[in-house]
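The values are calculated or read from the model by the stated rules, or taken from the named source; none is laboratory data. If you're wondering where the values come from, they're calculated on a predicted model, not measured in any experiment. With ideal geometry, Cβ positions are generated from the backbone for all residues, glycine too; neighbour counts draw on all protein chains shown. Accessible surface is based on the protein model in full, side chains and every heavy atom, while ligands, DNA and RNA are left aside. Shrake-Rupley method; radii C 1.70, N 1.55, O 1.52, S 1.80 Å.
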Amino acid sequence: VQLQASGGGLVQAGGSLRLSCAASGLTFSRYVWGWFRQAPGKEREFLAVISWSGRTTYYADSVKGRFTISRENAKNTVYLQMNSLKPEDTAVYYCAADQSLAYYSDYVRYDYWGQGTLVTVSS
């Protein structure tokens, strides 16, 4: 199983980025997909999750209204559109796959992880 995250980079505060996570080696549509981030010295933080069909999404309060998660099952890819970025959004961003929505915000429950992509927001 491989999850390849991409799209990170350096952006000014108020800007936007779109992260992608391309999956292979698993049946993409059978998993829910989440995005997490981890800043230096901090715990891994849940950001968003999307259900198998894409009809159900949940967001952390810290990103609600600014970030949007989506998926394309035909392309085995999940996205995270990030708008109105703030310096406190600076972190390594990870995609992850789980077979259940039951504990979607708990990172230890996820089965597979991408390698992470760095997002740096300058003030």
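Any number yet on Rg/Rh for the range 22-84, C-alpha, Kirkwood? Looking at the range 22-84, the ratio lands at 0.99.
Excluding same-chain neighbours fewer than eight residues apart, the lysines reachable from Lys64 by a Cα-Cα span under 19 Å are Lys86. Note on the range 73-118: the alpha carbon radius of gyration divided by the globular reference 2.2 N^0.38 Å gives 1.33. At a probe radius of 1.4 angstrom, the accessible area of the range 17-110 per residue rounds to 49 square angstrom.
Taking every protein chain into account, the 1.4 Å probe leaves Phe46 with about 20 Å² of accessible area, to the nearest ten. Using the Cα coordinates of the chain, the gyration tensor eigenvalues translate into equivalent-ellipsoid semi-axes of 22, 14, 14 Å, sorted from longest to shortest. Karplus-based coupling profile of the range 50-64, in residue order and whole Hz: 10, 6, 4, 8, x, 6, 10, 9, 9, 9, 6, 4, 5, 10, 4, with θ = phi - 60° in 6.51 cos²θ - 1.76 cosθ + 1.60 and x standing for Gly or Pro.
The loop-placed GluC sites (Glu not before Pro) in the range 33-123, going by DSSP, that have at most 16 neighbouring Cβ atoms within 10 Å of their Cβ come out as Glu43. Restriction of the trypsin sites (Lys or Arg not before Pro) in the range 38-120 to DSSP coil positions whose beta-carbon has at most 13 other beta-carbons within 10 angstrom yields Lys42, Arg55, Lys64.
The spacing between the range 28-44 and the range 74-123, judged by their C-alpha centroids, is 4 Å.
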